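First up is the structure itself, then whatever we jot down about it.
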Amino acid sequence: MSRRDDKGIGRRDFLKTAGLIGVGSVITAAKVNAADANGQNVPAAQPPIQKVPKRKLGKTGVEVPILSLGFGRPGEQAVLRQSLDWGVNHWDTSLAAANGASEQSIGDFIAKNPDRRKDIFLVTKENKSKTPDDLGKCLQTSLKQLNTNYIDLYFGVYMVNDMVRLTDDVKNWAQNAKKQGVIKHFGFTTHENMPQCLMAASKLDWIDAIMMKYDFRLMQDKQMQDAIDACHKAGIGLIAMKTQAMRQRNASTDPNAEADKKMLAHFLEKGFTEGQAKIKAVMDDQRISTVCSSMTSTTMLMTNIAAALDKTKLAAEDMDVLRQYAQATCSGYCAGCAHICEPAALGVPVGDIMRALMYHDSYGDIAQAKAVFAEIPADVKQRLLSVDYSVAEHVCPNRMQIGKLIADAAAKLA
């Protein structure tokens, strides 16, 4: 028998149903009608909507929900409205996402609901800035598109893979922007070489928050764990993205299909979908302030809210299932350690190509996949299929078939 939450709904039934039809529908279905003196049914009192729990965002002192809304692609306005109803008020977008359409979509909501701006913790990112002047132009464009006069958290250095771009000039720009009131907090994002970037950032006193790729697979990486510890102790707010840790499946017969089935069956028996289990594994890490998940539909939003509201932590056996699954399927997962494979790949941007392929195969975001691939210089694209990737494959910690995956990406995205 499944446990029951405070509302009398079985946890297992709550999660399964919420994942399919939305948390709001679950609560509606659970309402009990009373009878008046004449025996007529009258609606029960509307229960207050539960709010997603919050945690401090590092030394900022700001409390953010443990689930945040990734709005990389324009989604339904209903997603924005309902996310606020459930306390998911940390909204993450970027200047480059969907060629600005993502920011504009949020900006439309703010223009129509100006009284709700104070309830939103708004996060956005720069795009390809090389100087403080570039940063200023990016920020002004974002402010205009978002219909706001300040950004709560500005990731002024986007996709860091080393610390070269975090200069004193950038530090001074961030401090001045805070004084002017156009941003409240400053940080950076990272997809590659994350342990090195996080550890270096922990020694800086001007980084408020970092958005990083983090998932049940990277929980097995000691360097990553040490770096997260260092940032947490330094008071840097940590935001996890890409928590599903999806792998590439480019073979006609997937050798890991049985591992997939075993993992899926385990968590369904526990009352979680696969995605809910993966996101809860990260949420249960108290060092992580919030999990940022791309949610462009109300169904996706409600599924993740269900996981955030459930108070049951994954047991040791559940984490062991995820650990075993990570080990069994690692050959299809790019861990973001491009500093290891790219020198052996003669300068081919393996990390960017794997990221593009991830958007295409795992997320079904063809436009974003092609946009990432389009950033690769033309001369590099021309030699993608002629490079010998055997050395890069040999040094890859996960033994990925880099050559085959790059050929697959070129065929799909060129």
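Things to note:
- Filtered residues of the stretch 143-171 (kept if closer than 13 Å to residue 123 by Cβ and part of a loop (DSSP other than H, G, I, E, B)): 148, 150, 158
- Scan the stretch 215-231 for residues that are closer than 18 Å to residue 292 by Cα and in a loop (DSSP other than H, G, I, E, B) and the total you get is 3.
- Residue within the stretch 172-194 that is surrounded by fewer than 20 Cβ atoms within 10 Å (Cβ to Cβ), outside any strand (DSSP E or B), acidic (Asp, Glu) and assigned by TED's automatic domain parsing to the domain that holds residue 96 present: no
- Some residue of the stretch 380-390 being over 23 Å from residue 256 (Cβ atoms) and hydroxyl-bearing (Ser, Thr, Tyr): yes
- All positions within the stretch 112-133 that are assigned to a helix (DSSP H, G or I), surrounded by 15 or more Cβ atoms within 10 Å (Cβ to Cβ) and not basic (Lys, Arg): 132
- Highlighted here are the helices (runs of 4 or more DSSP H) found entirely within the stretch 249-344 that include at least 1 residues which are out of contact with any Phe, Trp or Tyr (no Cβ under 7 Å at 6 or more places or on another chain) and within 23 Å of residue 239 (Cβ to Cβ): 274-283, 298-309, 316-328, 338-341.
- Each residue in the stretch 376-414 was checked for being assigned to a loop (DSSP other than H, G, I, E, B) and within 21 Å of residue 246 (Cβ to Cβ), and 6 of them qualify.
The values are calculated or read from the model by the stated rules, or taken from the named source; none is laboratory data. Just so it is clear, the model here is predicted, and its values are computed rather than measured. In this analysis, Cβ positions are derived from the backbone assuming ideal geometry, glycine residues included, and neighbour counts consider all displayed protein chains.
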